[in-house]
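First comes the structure, then the notes that go with it.
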């Protein structure tokens, strides 16, 4: 149990002496997420997902653990914990879902505080702060980052962890009992579970289009960014201010400048001219499609013989889709500011920027004020690192000391001879092509048009290669996941929740993706 002092802390301060090998062994071959990640950022998000969620809500997720090597983190969480939180959410749907929406409304207040703090950081020169003020600001941001994750990770409970999506099954069963045409059920489910809000990636794309429209009207002949009228430059600068973080992830941080946004605008204008269309038509079409989706979903909600319980579950799923998207945008924004803080820690100490990425926040105070010497420990973590975060505290070990945990990790060779992989059919269709496995961001530049995108999960930075892909295959996700939603928008065959695709398949081999039935077949 925690001591009283630890109960009051917003973050785990109790360093555990061990984490059960039996737990790792039991779970290491099951549901996991894979991230191209720095240790600091993945550990911090784990603090939010596990410790602070447990700090603020019951039920919650009891623990997570991660194998980190070569900047790739395999992050595990027990499926039982996911299902327990989901069951609690479904109980609220049966009784009164107001508790869920109340949690969201309370969370929104913290989200606004997060935005205010980000705005403050944009105006702060960290180098000019005293060490005391710098640490205090770092701690304030770290805390707010944990808070805007925390209860919002409840949304992950709606993910599927098997070859069937539980939400799709729930709605399909109700419709089947009501004698709805079986051929129409899948289409109805897709419409009912599709988000009817603009995700932050679609919102950025929409704002980019609107700015491109304004520039194309004002400048029949394209100019350089420097030649734009001040008013038009201000519009592009607004894109930088709102979405400079949109290409970030747990490892890569790239600040998108106004000039870079303008380069994308030029591409949009040239592409529209090439296709003999107008940007206005493109915008109108996107607005029409969203309006049709919203209207179609509402018509189905009103006309289909769904129980009150099913309708409440769908409303919660709709909220969770939006909530999760906003939470993710907070992660991407956070990566930018954490990068600034770590850079400043390196400047003030005898640690390199690379070394600071293998630290955790609990170590920052001693590093900054006591000049604590942990170079050797960080070097061991850089070789390989195992960490766990629980509702009580954390455990972290690197180098040879992590070997006892790594020997229990799931070996890719175990799946190499599987001839058929099953998952959830997220977007219908059939495709045949060569596999391209993407684990890290830099691998995306190798992706070719017509290849099969195979990855653990997709995130917004995958959008350019998702457009090139003949089909999309992921190891995790649900029918409301990023991969499922984008695949349906693009009309691409998509199979999600395969669990083993990146380890069972090889780069360059030819596979068939039968997304009507959720099957990926290797050629014999």
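Points to keep in mind about this one:
- Under 14 Å from the residue 309 label point (7 Å along Cα→beta-carbon), backbone N, the range 93-122: 93-97
- With contributions of -39500 (n - 2.57) from each DSSP H run of at least four residues, the per-residue ellipticity at 222 nm computed over the chain stands at -16000 deg cm²/dmol.
- Extended-chain gain in nm, criterion 0.36 nm per residue less alpha-carbon gap, residue 290 and residue 109: 62.4 nm
- Take the Cβ atoms of residue 79 and residue 210, set R0 to 56 Å, and the FRET efficiency comes out at 0.85.
- When all alpha carbon pairs of the range 430-473 are counted in 5 Å bins from zero, the resulting P(r) reads 5, 27, 41, 22, 5, 0 %.
- The C-alpha radius of gyration of the range 5-135, expressed as a fraction of 2.2 N^0.38 Å, stands at 1.29.
- At R0 = 22 Å, FRET efficiency that the Cβ-Cβ distance of residue 369 and residue 124 yields, to 0.05: 0.65
- Stretchable slack from residue 240 to residue 444, in nm (0.36 nm times residue separation minus alpha-carbon distance): 71.1 nm
- For peptides 171-178, 92-99, sequence by mean Cβ density within 10 Å, most packed first: 171-178, 92-99
- Shape call, the range 416-490: gyration tensor on alpha carbons, a/c limit 1.5: rounded
- Backbone N under 12 Å from the residue 322 label point (7 Å along Cα→Cβ), restricted to the range 182-201: 195-199
- Two-site label geometry, residue 517 and residue 70: point separation in nm, points 7 Å out along Cα→Cβ: 3.5
- Fewest neighbouring Cβ atoms within 10 Å first, the residues 466, 452 line up as 466, 452.
- The share of C-alpha pairs in the range 328-471 whose separation exceeds 26 Å stands at 49 percent.
- Put a dot 7 Å past the Cα of residue 91, heading toward its Cβ, do the same for residue 259, and the two dots end up 5.8 nm apart.
- Of every Cα-Cα pair in the range 464-516, the percent that sits beyond 15 Å: 45
- Modelled this way, with points 7 Å down the Cα-to-C-beta line, the labels at residue 467 and residue 280 are 2.3 nm from one another.
- Every Cα-Cα pair in the range 335-419 was counted, and those over 14 Å apart are 70% of them.
- Stretch gain in nm, segment residue 22-residue 376, where the contour uses 0.36 nm per residue and the Cα spacing is subtracted: 124.6 nm
- The protection proxy used here, the mean number of other Cβ atoms lying within 10 Å of each residue, ranks peptides 53-59, 64-70 as follows, highest first: 64-70, 53-59.
- Globularity index of the range 200-290, i.e. its alpha-carbon radius of gyration over 2.2 N^0.38 Å: 1.10
- Overall, the ratio between the Cα radius of gyration of the range 249-298 and 2.2 N^0.38 Å, rounded to two decimals, is 1.63.
- Taking 0.692 mPa s as the viscosity and 37 °C as the temperature, the Stokes-Einstein diffusion coefficient of the chain based on its alpha-carbon Kirkwood radius rounds to 134 µm²/s.
- In this structure, residue 354 and residue 267 have a Cβ-Cβ separation that, at R0 = 35 Å, corresponds to a calculated FRET efficiency of about 0.55.
- Cβ crowding within 10 Å ranks 123, 33, 299 as 123, 299, 33, fewest other Cβ atoms first.
- Most tightly packed first, judged by the mean number of other beta-carbon atoms within 10 Å of their residues, the peptides 131-143, 300-312 read 131-143, 300-312.
Read the figures in this text as sums done on the coordinates, not as results from a lab. Computed from a predicted model, the values in this text were never measured in an experiment. All Cβ positions, even for glycine, are placed from backbone atoms using ideal geometry, and neighbour counts span all protein chains on display.
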